[in-house]
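The structure under discussion appears below in the form of structure tokens.
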Amino acid sequence: MDEQVIDIKEKKITLWHIISFVFFIGIFFIPFNSFTGLSFLGEFKNEAPAYILPIAFVFLAIQVLFTKKFYIPFNNLLFKLWLLVLLWMVVATAINYDQVSHYYFKGIGGRERFLRQFIALLISGIFFFLLYYNVLRRYSPLQIFYKLRKVFLFSFIVVSVYGLLEIAILKFGIGQLTKYLDLFDYFPFTSVYLEHGSKRISSVTFETPALATYLFMVAGWMFSYMITEKKWYKFIPGFLVILLAMFSDSRAGLAIIFLQFFIFLLLLIRKRKHHKLLIKIAAVGIIGVVLIGVVKGKEITEYVIEKATSFDTNDEDHSISNKSRFGLQYANFLVFKDYPWTGVGYGQQSYEAKQHYPRWATTNNWEFRVLYLNPRESSFPPGYNIFTRLLAETGIIGVLLFLVFLFAILYVCFEILRKNDDRYLLCLIILLSMIGVYMNWLKTDTFRSFSFWIHFAILIVISNRSLIIIKNDERK
């Protein structure tokens, strides 16, 4: 018996239909994290998919009981590389076990810290990943493309409506629209909050950087409408991505979105049939830049200069966040210098880094006093950069393994793009999304990235298809 079937009004609904439905609902709610979640879920407490995707996994487990089939891509080189990275994290921690067992900070010992961090990593990198893989492998590349893009579009519409209302209220002072924005309080996993002080928008996410992270994920999907659709409104989704990035006032967010769009244009140049589209985009872009330049040229120039110079630790508006960010990264690098080969163990950066925080970062900086060095504050200091974090925790060996893994993903993407088959559009989106994640990891240190693991699962699904084709050709 392969599938359980429920007969409802003469329509056969299989357990796989239920699994897929719950799965796509979970994908829809990825950006919704502005609510107050359940504290026992740790770093996943404010992630809406963490409440939905386990339900899909339960149904998947029931399906496995009947079919005896659960797929793990052990034959895929990319997955093997990821398992190797995981293995080294355990080995690096075991090598440093003596000092890990003596670490203690903010009421948590080193061993408990490792378990918490490693379990959180396994939830994203194994548990959720295998759910994505087992669901998506049932579809063809084009089915994955159109089904996921439709879900992302519906989600993005909600994000955009909320964001446009924020822009109207905060940027243009149309306070009468607040009553409409308050209706989002009735939307699941959403708590309305307006940041009147800084006038930065965050839409349904809990903060501006979280909105930028979401935009990196959907940018490629929304840009793809320019390729597949014929009507004039095919430009609207991509335009809204850039518009929200601009009004979010996220420095890194705006830079990464424009980088993704630039790479998207370069990929269009490679295919002759897209040259007309490229000319249209260029024409619209030039006209838009000229019109905006004439009307708001001076203000835009000042805005660009302000953003370009806002990474200085002496910048008025961003000095505190810049000091914290660069100071924590610098401290992690000093930890790496002390433990260059194996690091101090996965999840252990803060125990050693707190001894290396530079004076220029901690002086007159309330974040260190209230948050990072406060023993009564339970949250640990972030690393603000996944690469410096891994240098400190897993040493040069761990970082090299991780970089090989990341470069292998890009290599497979380019190889599939070169084949120019029915996987082309899907792989284009994966490439843009991965670049967004890689760049975002220069300012965040968490593996809790739905974008990375979803697109990684898709890439393995479509790259395994290449192996099947090659094997079939060899048999012939």
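The values are calculated or read from the model by the stated rules, or taken from the named source; none is laboratory data. Computed from a predicted model, the values in this text were never measured in an experiment. No Cβ is skipped: glycine too gets one built from the backbone with ideal geometry, and neighbour counts run over all protein chains shown. The protein model used for the area step is the full one, side chains on, heavy atoms only, and it has no ligands, DNA or RNA in it. Shrake-Rupley method; radii C 1.70, N 1.55, O 1.52, S 1.80 Å.
Under the condition of being outside any loop (DSSP other than H, G, I, E, B) and in contact with an Asp or Glu (Cβ under 9 Å, 6 or more places away or on another chain), which residue from the stretch 337-360 is most open to solvent (accessible area, probe 1.4 Å)?
At the first step, the residues of the stretch 337-360 found to be outside any loop (DSSP other than H, G, I, E, B) are 337-338, 349-353, 359-360.
Pick out the ones that are also in contact with an Asp or Glu (Cβ under 9 Å, 6 or more places away or on another chain) and you get 338, 349, 352.
Numbers: Asp338: 88, Gln349: 9, Glu352: 21 Å².
Of everything passing the filter in the stretch 337-360, Asp338 is most open to solvent (accessible area, probe 1.4 Å).
Here Ser101 clears all of (1) without any contact (Cβ under 8 Å) to a residue 12 or more places away in the chain; (2) crowded, with 18+ Cβ neighbours inside 10 Å except the condition numbered (2).
Can you tell me which residues in the stretch 42-58 are open to solvent by 50 Å² or more (accessible area, probe 1.4 Å) and either modelled with pLDDT under 95 or of a type in the set (A, V, I, L, M) (or both)?
The initial filter retains those residues of the stretch 42-58 that are open to solvent by 50 Å² or more (accessible area, probe 1.4 Å), namely 43, 45, 51, 55, 58.
Result: Glu43, Lys45, Ile55, Val58.
Residue by residue, here is whether (1) open to solvent by 10 Å² or more (accessible area, probe 1.4 Å); (2) within 27 Å of Leu84 (Cα to Cα) holds:
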| site | (1), (2) |
| --- | --- |
| Asn365 | no, no |
| Ser379 | yes, no |
| Gly383 | no, yes |
| Glu393 | no, yes |
| Gly398 | no, yes |
| Leu410 | yes, yes |
| Phe414 | yes, yes |
| Trp441 | no, yes |
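Among the residues of the stretch 416-439, the ones that are part of a loop (DSSP other than H, G, I, E, B) and either buried (at least 21 other Cβ atoms within 10 Å of the Cβ) or not charged (D, E, K, R) (or both) come to 2 in all. Residue count for the stretch 206-221 under the criterion of being open to solvent by less than 10 Å² (accessible area, probe 1.4 Å), over 13 Å from the mean Cα position of the chain (by Cα) and at pLDDT below 95: the result is 1. Of the numbered conditions (1) open to solvent by 50 Å² or more (accessible area, probe 1.4 Å); (2) over 23 Å from the mean Cα position of the chain (by Cα); (3) more than 22 Å from Ile144 (Cα to Cα), His17 fails exactly one; give the number of that condition. Exception for His17: condition (3). Against the test of being of a type in the set (Ser, Thr, Tyr) and either out of contact with any helix residue (DSSP H, G or I) (no Cβ under 6 Å at 6 or more places or on another chain) or surrounded by fewer than 17 Cβ atoms within 10 Å (Cβ to Cβ) (or both), the options Ser160, Ser140, Ser124, Ser155 yield a single qualifying residue, Ser140. The set of residues in the stretch 236-274 that are of a type outside the set (Phe, Trp, Tyr), under 20 Å from the mean Cα position of the chain (by Cα) and more than 14 Å from Asn440 (Cβ to Cβ) comprises Pro237, Gly238, Leu240, Val241, Ile242, Leu243, Leu244, Met246, Asp249, Ile263. The residues listed here are Lys230, Lys234, Lys199; of these, the one that is within 26 Å of Leu426 (Cβ to Cβ) and open to solvent by 60 Å² or more (accessible area, probe 1.4 Å) is Lys230.
Meeting the requirement of 3 or more residues that are within 28 Å of Val22 (Cβ to Cβ) and charged (D, E, K, R), the helices (runs of 4 or more DSSP H) wholly within the stretch 110-209 are 141-166.
Residues in the stretch 165-196 that are in contact with a Ser or Thr (Cβ under 9 Å, 6 or more places away or on another chain), open to solvent by 50 Å² or more (accessible area, probe 1.4 Å) and free of Cβ contacts under 8 Å to residues at least 60 places away in the same chain were compared, and the one that is farthest from Ser248 (Cα to Cα) is Asp185.
Out of the residues in the stretch 360-392 that are basic (Lys, Arg) and closer than 26 Å to Leu121 by Cα, which is modelled with the highest pLDDT?
Top of the filtered list is Arg389.
What number of residues in the stretch 342-359 are closer than 20 Å to Ser101 by Cβ and either out of contact with any helix residue (DSSP H, G or I) (no Cβ under 7 Å at 6 or more places or on another chain) or of a type outside the set (S, T, N, Q) (or both)? Spell out how you get there, then give the answer.
Within the stretch 342-359, the subset closer than 20 Å to Ser101 by Cβ is 342-355.
Filter once more, keeping what is either out of contact with any helix residue (DSSP H, G or I) (no Cβ under 7 Å at 6 or more places or on another chain) or of a type outside the set (S, T, N, Q) (or both): 343-347, 350-355.
Total satisfying the criteria: 11.
Within the stretch 83-98, the set of residues being among the polar types (S, T, N, Q) and either open to solvent by 30 Å² or more (accessible area, probe 1.4 Å) or in a helix (DSSP H, G or I) (or both) comprises just one member, Thr93.
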